[in-house]
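The values are calculated or read from the model by the stated rules, or taken from the named source; none is laboratory data. These numbers come from a predicted model, not from an experiment. Don't worry about glycine lacking a Cβ; one is built from the backbone with ideal geometry, like all the others, and counts go over all protein chains shown. Only protein heavy atoms, including side chains, enter the accessible area calculation; ligands, DNA and RNA are left aside. Shrake-Rupley method; radii C 1.70, N 1.55, O 1.52, S 1.80 Å.
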Amino acid sequence: MCGIIGYTGPEDVLPLLVQGLSTLEYRGYDSAGVAVIDHAGELQIVKRAGRLDRLRGALEGRPIHGTTGLGHTRWATHGEPNDPNAHPHTDAVGHLALIHNGIFENFAELKAELEAAGHVFRSETDTEVIAHLIGAIRDEQGGDLASAVRSAMKRIEGAFAIAVLDRHDPHTLVASRREAPLVLGHAEGASLLASDVAGLIAHTRDISAMLDDQIAVLTPGGITITDLEGYPAEAHHYTVDWDISAAEKQGYDHFMLKEIHEQPRAVHETLLGRVNGEGRIAVDELRGGAAVEGDLAHVDKIYIVACGTSMHAGMVAKYTIEHWARLPVEVEIASEFRYRDPILTPHTLVVAISQSGETADTIAAATHARNQQAKVVAITNVVGSTLAREADVVLYTRAGPEIAVASTKAFTTQIVALDVLALYLAQLRRSLFPDECGDHLARMEMLPALIEQVLEQEPAIAELARTFAGAEYVMFIGRHVGLPIALEGALKLKEIAYVHAEGFAAGEMKHGPIALIDQGGPVVALATRGHVRGKVVSNIQEVKARGAVVLVVATEGDTEIKEHADHVMYVPDAHELLYPILTVVPLQLLAYHIATTLGRDVDMPRNLAKTVTVE
Ligand code: F6R
């Protein structure tokens, strides 16, 4: 949520901030704003409710030139998305500007205290309160901006990242974070900060991810990091291995479409090098080495925790882990997990899945699990993310940056990474013979080519999408591994096309949902080859008998399915447990083309934001 960018260096900062915000806009698009210290030493702030284009418009014809500045795109939490509530916010005297991502939980108490001291607030945000607090501390105690931020951090509660600049110190930015992401970029003669790497990649690949309660002081000459007591501290330093083209549309109309088409390559990357020199399946990071591997061999229960699309990937993994590693698996919505007192022991493994690695609920679930002595495996796409650092074992999905709000390539690569985890556990527990693990990996290596074959059907799927674009309500049904794909197909459609859609276990239809079927209502059914195909076909007949128009996802060569379907989308033949990686692709394309037919803003659907860093 909320995109943050900051720069201090030799370049004219305004175009650079606006460019950075366009890369980060996917994090929130309720409003956008910039603060620049101009060459005359004045603090210039321009901010507008709405998309970045409104800010661009407001900046036209306003020459603001300076070399140090901050930019922000907002996903509103406190206060409606209007101009006054847009960031940056200033302190009482308008000398310093602050942007933030996250929530200050005790802002009401701090606001009351400041109001009692005579402060007047111009917005409804928690952000302005913290700007005033830092300004007041600075006036009271003197010293530099970093000292004031340090003192303020000791008073603020919540999960947030902040960046501040001060017109009295025109070539310095100060930043801090607690349980919300903030990355620093080291460039030649310049220093940068951003809420995620996508905002920095045009300038540098040399990155430091700040850790909780660190204070960073950025100047053109470099970045110094201290802890809350002022002692030198170290952030998590790493080099990003993707370049700016990965964060650009490269000729596609939308990031979502580009990312759908990137899936063959992304899946290939996720699988790359998964067998080490000793012929054993490898994870990316195993903290605690052999001891942790020993613990994993004795796991007796797995919880998978995640949100949204990532949770659907977890639901697929329940089938593979139970089948290959013979371990009981429960899949939980991360936001529910820690509030229901789950039974966790040192023999429990919690698998936390998050594309961003910054989803507040998933991190909280993982932290809760670790506090109860459970082992944590993170499946994430973002190197150095909070979740990756929290975990005992990390498996990176290596999908490259996912910019579209609707998750696609992250989903397929999460399933692949989870399949690798299932085989890794099977190897540790000896529930599969080594050659069986090898056979499964070999089948997985075929997946990129098989996904390519599905993508070739895009024109036909786009045509179908035009047929279905007028539907008010679409039902998705599936059994076994088809069920999570039905849920995911429905989620994609509702979030980007705003069409009411629900996924159901096909066998549950007659226990209630079938009442929703009426003449001509579309039903999408997952009926690929496997032990439940016949059962799904029976369920298809039940809905067709009640007037549904049925679109079936089936296995190539299954011509008999046409007798039961109005339309068929085929995927190539595959191992039953690997079908989800193929069957989700036509559903992603279907949702995409329905959304574009309806003229929706596919990459930035209303009310949503990528990376949900608040609970
Ligand atoms: C849907 C979607 C969301 C995310 C969810 C979790 O297309 O993208 O449902 O899957 O917000 O995000 P991560 O995986 O970053 O934890």
> What single numbered condition from (1) buried (at least 24 other Cβ atoms within 10 Å of the Cβ); (2) within 16 Å of the ligand (Cβ to nearest atom); (3) more than 23 Å from GLY289 (Cβ to Cβ) fails to hold for VAL405?
Replying inline: (1)
>> Among the residues of region 168-206, what is the count of those that are in a strand (DSSP E or B) and either open to solvent by less than 10 Å² (accessible area, probe 1.4 Å) or among the hydrophobic types (A, V, I, L, M, F, W, C) (or both)?
In response: 14
>> So in region 310-333, with the set limited to residues that are of a type in the set (Ser, Thr, Tyr) and buried (at least 23 other Cβ atoms within 10 Å of the Cβ), which one is nearest to the ligand (Cβ to nearest atom)?
In response: SER310
> So which residues in region 589-615 are more than 12 Å from the ligand (Cβ to nearest atom) and assigned to a loop (DSSP other than H, G, I, E, B)?
Replying inline: LEU598, GLY599, ARG600, ASP601, MET604, ARG606, ASN607, GLU615
>> Where the second residue is assigned to a helix (DSSP H, G or I) and within 13 Å of the ligand (Cβ to nearest atom) and the first is at pLDDT 95 or above and of a type in the set (Lys, Arg) and lies in region 400-424, which pairs have Cβ atoms under 9 Å and are six or more apart or on separate chains?
In response: LYS409/GLU259; LYS409/ILE260
>> Suppose we filter region 531-548 for residues that are open to solvent by less than 40 Å² (accessible area, probe 1.4 Å) and not polar (S, T, N, Q); how many remain?
In response: 7
> List the pairs whose first member sits in region 448-466 and is open to solvent by 60 Å² or more (accessible area, probe 1.4 Å), whose second member is in a helix (DSSP H, G or I), and whose Cβ atoms are under 7 Å apart, counting only residues at least 6 apart or on separate chains?
Replying inline: GLU452/PRO264; ARG466/THR597
>> Just the residues that are in contact (Cβ under 8 Å) with a residue 60 or more places away in the chain and closer than 17 Å to GLN541 by Cβ, please, taken from region 482-516.
In response: GLY482
> Could you count how many residues in region 515-533 are part of a helix (DSSP H, G or I) and out of contact with any strand residue (DSSP E or B) (no Cβ under 9 Å at 6 or more places or on another chain)?
Replying inline: 1
> Quick check: is even one residue across region 409-418 within 16 Å of the ligand (Cβ to nearest atom), farther than 26 Å from LYS318 by Cα, in contact with an Asp or Glu (Cβ under 6 Å, 6 or more places away or on another chain) and open to solvent by less than 20 Å² (accessible area, probe 1.4 Å)?
Replying inline: no
>> Let me confirm something: among ILE485, ILE477, ILE561, which residue is open to solvent by less than 40 Å² (accessible area, probe 1.4 Å) and touching a Pro at 6+ places or on another chain (Cβ under 8 Å)?
In response: ILE485
> Only one of these conditions is not met by TYR26: (1) surrounded by 17 or more Cβ atoms within 10 Å (Cβ to Cβ); (2) free of Cβ contacts under 8 Å to residues at least 40 places away in the same chain. Which number is it?
Replying inline: (2)
